[in-house]
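One structure below.
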Amino acid sequence: KTIAYLTPVIAKGQKAIISTASRYLQQQLYRQDIPRIQQILGSDIRIACLQGRNHYLCPYYLEKNLQADTALGQKQHQALSHLAQRFRQTGNGELDSLAPELPVALRRYVTSSRDDCLGKECPQYSRCPLMKARQKAQDADIVVVNHSVLFTDAVMRREQLGDLLPEADVVVIDEAHRVADFAQNIVGRRL
C-alpha cells in the first residue's frame, strides 16, 4: 500500500506530509520505500523524517548534566560521557541510532521538553539535532512524521505558536485506524 500512495505523490512532485502511527513504518518509508521509488522514477525530491523531541539529543542538557553534581551514579555518568563523545564524533543526534541502548531513565538527562527548551536563546542552538531536523523538514518536499507530530503541528498553528511542518499539497495518513487515539491525546481537552 505504501508504494500505491507514494508513487503518484513522487511522480507529480507534490509537497507532501506522510503520517504514520508507528516509528517502524516511519523509518521504513524514509529509509526504504521513498528512496526505492525515487530511484525507479529518477526523482531528486528532498525527503525528511521528523520525530518527536524526545527522540533527539539535547546537547545543552547533556553537557549541563555531565558537568553538574547530579545524583548520577558512576555507571550513568560514564554512559552519558560515552554518548557525548559519540555525538561529537558523528554529529548524529537521533537517540534511536546514536544510543539505542540508553536506558529510558537516562533520557531525561539528554533531552528537553517543550517547557524547558531554550530555543534560539540556547548556547547549543546551532548544534541542536531537533532544530536541524525541523529545518530539514521545512525544506523538504516530502516529510515523514508520526501522528503525534502531525497533531502537535495543528495545535501549534491553531494557537499561533508557529509550525513544525511545511505547507503541503497532500497529507497522507497511513495507519489511519489509530489516528483518533492520537488526535484525542493531543487535541482533546481533559476535565
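Give me the residue from region 111-163 that is of a type in the set (Ser, Thr, Tyr) and touching a helix residue (DSSP H, G or I) at 6+ places or on another chain (Cβ under 8 Å) and, out of that set, most open to solvent (accessible area, probe 1.4 Å).
The initial filter retains those residues of region 111-163 that are of a type in the set (Ser, Thr, Tyr), namely 111-113, 125-126, 148, 152.
Within this subset, residues satisfying the condition of being touching a helix residue (DSSP H, G or I) at 6+ places or on another chain (Cβ under 8 Å) are 111-113, 125, 148, 152.
Numbers: THR111: 20, SER112: 18, SER113: 50, TYR125: 79, SER148: 41, THR152: 44 Å².
It comes out as TYR125.
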Subject >> Tally of residues being β-branched (Val, Ile, Thr) and over 20 Å from GLN89 (Cα atoms) across region 99-124 >> reply: 1
Subject >> Contacts under 6 angstrom Cβ, first residue in region 17-33 being within 15 Å of ILE173 (Cα to Cα), partner open to solvent by less than 10 Å² (accessible area, probe 1.4 Å) and assigned to a helix (DSSP H, G or I), 6 or more apart >> reply: SER19/HIS147; THR20/GLN26; ALA21/HIS147
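If we keep just the residues of region 50-67 that are among the aliphatic types (A, V, I, L, M) and out of contact with any strand residue (DSSP E or B) (no Cβ under 9 Å at 6 or more places or on another chain), which is most open to solvent (accessible area, probe 1.4 Å)? Steps first, please.
First, pick out the residues of region 50-67 that are among the aliphatic types (A, V, I, L, M): 50, 57, 62, 66.
Among the residues that remain, those that are also out of contact with any strand residue (DSSP E or B) (no Cβ under 9 Å at 6 or more places or on another chain) are: 62, 66.
Numbers: LEU62: 2, LEU66: 30 Å².
Residue satisfying both the conditions and the ranking: LEU66.
Which members of region 81-115 meet the condition of being aliphatic (A, V, I, L, M) and either on the phi > 0 side of the Ramachandran plot or not in a loop (DSSP other than H, G, I, E, B) (or both)?
Residues of region 81-115 that are aliphatic (A, V, I, L, M), as a first pass: 83-84, 95, 98-99, 102, 104-106, 110.
Answer for region 81-115, where residues must be aliphatic (A, V, I, L, M) and either on the phi > 0 side of the Ramachandran plot or not in a loop (DSSP other than H, G, I, E, B) (or both): LEU83, ALA84, LEU95, LEU98, VAL104, ALA105, LEU106.
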Subject >> Subset of region 116-141 (residues that are over 14 Å from the mean Cα position of the chain (by Cα) and not small (Gly, Ala, Ser)) >> reply: ASP116, CYS117, LEU118, LYS120, GLU121, CYS122, PRO123, GLN124, TYR125, ARG127, ASP139, ASP141
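Rundown of residues vs (1) at pLDDT 90 or above; (2) open to solvent by 10 Å² or more (accessible area, probe 1.4 Å); (3) farther than 22 Å from LEU164 by Cβ, yes/no style:
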| position | (1), (2), (3) |
| --- | --- |
| ALA11 | yes, yes, yes |
| TYR24 | yes, yes, no |
| ASP33 | yes, no, yes |
| ASP44 | yes, yes, yes |
| ALA48 | yes, no, no |
| ASP69 | no, yes, yes |
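Quick one: how many residues across region 55-97 are small (Gly, Ala, Ser) and more than 22 Å from GLY119 (Cβ to Cβ)? Before you say what the answer is, go through the steps one by one.
So in region 55-97, the residues small (Gly, Ala, Ser) come out as 68, 71, 73, 79, 81, 84, 91, 93, 97.
If we keep only those that are more than 22 Å from GLY119 (Cβ to Cβ) too, we end up with 71, 73, 79, 81, 97.
The total comes to 5.
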**OP:** Quickly run through region 34-66 and pick out the residues that are farther than 22 Å from ILE173 by Cβ and in contact (Cβ under 8 Å) with a residue 60 or more places away in the chain.
**Re:** TYR56, LEU57, CYS58, PRO59, TYR60, GLU63
Original post:
Can we say PRO166 is in contact with an Asp or Glu (Cβ under 7 Å, 6 or more places away or on another chain), open to solvent by less than 40 Å² (accessible area, probe 1.4 Å), modelled with pLDDT of 90 or more and at negative phi?
Top reply: no
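The values are calculated or read from the model by the stated rules, or taken from the named source; none is laboratory data. This is a predicted model, so every value here is computed, not measured. We place every Cβ from the backbone using ideal geometry, glycine too, and count neighbours over all the protein chains shown. Surface accessibility is based on the protein's heavy atoms, side chains included, excluding ligands, DNA and RNA. Shrake-Rupley method; radii C 1.70, N 1.55, O 1.52, S 1.80 Å.
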